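Asker: What follows is a structure written as structure tokens; I'll ask about it next.
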Amino acid sequence: MPATILLAISLTNFIWLVVGLFIMFTVLSGVVLSLTWLERKLLGRLQLRLGPTRTGPMGLLQPMADALKLILKEDIIPASSEKALFWVAPIIVVVSAFMIWVTIPGTQNAVIQNLSLGLFYIIAFSVVGILGLVLAGWGSANKYGTLGGLRAAAQLISYEIPIIMVAISVGMLAQSLDMREIVNQQDDYIFVLVQPLGLVIFFIAGLAEVGRTPFDIYFAESEIVGGPFVEYSGAHWSVFFLAEYINTFAIAALTVILFFGGWSGPGLSGDWGIIWFLFKVYLVILVIFWVRGTFPRLRIDQLMAFAWKVMVPLSFLSVVMTAVYQFYEWPAWTLTIMSSAGLSVVGYVIYKRTTAPSRLVAEVRRRQEALEAQRRAQAEAD
């Protein structure tokens, strides 16, 4: 084949790739706007408030107003900051959040570039965002920003391990790291039925990876005045905000693909499966927002202890159970029993540990009431 024809084909493929990336960025930006509106509305209902109502019908234009405000807001750069690091940090964070979507499919055909090692690519690229957070804190030349960046690195590295191990478990079940193949392997049964423990680990670790409540410790305003973003404002801060919601949408999408059958569902096939995919993803996102409105923020020692004492051992247990199930070629229900038993035991232990203080208070109060009743009886007898 002549070199000119090969060059023309390569140029055409490159143009289509650029067009696809532009479309994907536009769609993700629209998704972020929808998520900010949905989160405010849901939290408003949970907290007996109305949420946005003034800007547009039902407050639908509030995200647009917020975006315009952030763009027009004065962008202040500290005089003592490292200008290069200060500028490049948000770019690293948003690019890492954006690039994982290159291989996340919405349907069998709705994907920019499907990769045979797609799950490996997503996990590898998502780690790059940690560098951006560390550089953001360091480049700000602010002690609170530096502390927030280091805490962010400690948290994200710790919770990356459970995500990787659960991804390995799912890859073992599907015998592939191709995202489309993982979905296709769930035609008979979705993986949540055989790996409920893996779902819980992946979901909780995913919340920690995107810094959602109750794991929003590295930018906890009550402790370190905004974390690595403390010196950022205007458009620079909005880039971190954009990356957080893109990552939130990505975690929900990966949860659906790995455990809930992706775009498969009754009544719709082909490219129409995108409706089932988005429906499942937004249901997972509603659960994420519900968690934010329900649970308090963890302390840093609680967060790190939970990662290394609970999440990491459980993720390794998930891999071991999956390996045993596949090596001995047991029926699928055996893995369901093992996974459910592990989840139940750990859940019971955590419940007993977390409710121990309240039970101790109740016991002390009961003893005080019994002692007071005994004193009254003694006084009446005298």
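The values are calculated or read from the model by the stated rules, or taken from the named source; none is laboratory data. Here the structure is a predicted model, which is why all the values come from computation and not from measurement. Cβ: placed from backbone, ideal geometry, glycine included. Neighbour counts: every protein chain shown.
Asker: May I ask you to list the residues in region 103-150 that are within 15 Å of residue 210 (Cβ to Cβ) and either surrounded by fewer than 19 Cβ atoms within 10 Å (Cβ to Cβ) or among the basic types (Lys, Arg) (or both)?
Answerer: Those that are within 15 Å of residue 210 (Cβ to Cβ) and either surrounded by fewer than 19 Cβ atoms within 10 Å (Cβ to Cβ) or among the basic types (Lys, Arg) (or both): 123, 125, 127, 128.
Asker: Right, something else. Would you call residue 90 touching a residue at least 24 places away in the same chain (Cβ under 8 Å), touching a helix residue (DSSP H, G or I) at 6+ places or on another chain (Cβ under 7 Å) and not assigned by TED's automatic domain parsing to the domain that holds residue 276? Full working, then the answer.
Answerer: Details: touching a residue at least 24 places away in the same chain (Cβ under 8 Å): yes; touching a helix residue (DSSP H, G or I) at 6+ places or on another chain (Cβ under 7 Å): yes; not assigned by TED's automatic domain parsing to the domain that holds residue 276: no.
So residue 90 fails the test.
Asker: From the list 151, 180, which residue is more than 27 Å from residue 302 (Cβ to Cβ) and of a type in the set (Lys, Arg)?
Answerer: On the way: 151 fails: more than 27 Å from residue 302 (Cβ to Cβ).
Unique residue meeting the criteria: 180.
Asker: Check region 74-85 and report whether any residue there is in a helix (DSSP H, G or I) and within 16 Å of residue 240 (Cα to Cα). Talk me through it step by step, then tell me what you get.
Answerer: Narrowing region 74-85 to residues in a helix (DSSP H, G or I): 83-85.
With within 16 Å of residue 240 (Cα to Cα) added as a condition, the list becomes 85.
Yes, there is a match, as at least one residue in region 74-85 is in a helix (DSSP H, G or I) and within 16 Å of residue 240 (Cα to Cα).
Asker: Answer yes or no: is there a residue in region 350-363 that is free of Cβ contacts under 8 Å to residues at least 60 places away in the same chain, more than 35 Å from the chain's Cα centre (by Cα), more than 27 Å from residue 217 (Cβ to Cβ) and loosely packed, with under 13 Cβ neighbours inside 10 Å.
Answerer: So far as region 350-363 goes, yes, one or more of its residues are free of Cβ contacts under 8 Å to residues at least 60 places away in the same chain, more than 35 Å from the chain's Cα centre (by Cα), more than 27 Å from residue 217 (Cβ to Cβ) and loosely packed, with under 13 Cβ neighbours inside 10 Å.
Asker: Pairs under 7 Å by beta carbon, first residue assigned by TED's automatic domain parsing to the domain that holds residue 105 in region 280-297, partner polar (S, T, N, Q) and part of a loop (DSSP other than H, G, I, E, B), six or more apart or different chains?
Answerer: 291/213; 292/213; 293/47; 295/213; 297/213
Asker: Let me ask you something else. So how many residues does region 299-316 have that are surrounded by fewer than 19 Cβ atoms within 10 Å (Cβ to Cβ) and more than 16 Å from residue 171 (Cβ to Cβ)? I'd like the intermediate steps shown before the answer.
Answerer: Residues of region 299-316 surrounded by fewer than 19 Cβ atoms within 10 Å (Cβ to Cβ): 299-302, 304-305, 308-310, 312-313, 316.
Okay, now just the ones that are also more than 16 Å from residue 171 (Cβ to Cβ), so 299-302, 304-305, 308-310, 312-313.
Number of matching residues: 11.
Asker: On to the next question. Take the residues in region 47-86 that are among the charged types (D, E, K, R) and surrounded by 11 or more Cβ atoms within 10 Å (Cβ to Cβ); name whichever of them is nearest to residue 138 (Cα to Cα).
Answerer: So the first thing to find is which residues in region 47-86 are among the charged types (D, E, K, R), and the list is 49, 54, 66, 69, 73-75, 82-83.
Among the residues that remain, those that are also surrounded by 11 or more Cβ atoms within 10 Å (Cβ to Cβ) are: 49, 66, 69, 73, 75, 82-83.
Details: 49: 39, 66: 28, 69: 27, 73: 23, 75: 18, 82: 8, 83: 11 Å.
Result: 82.
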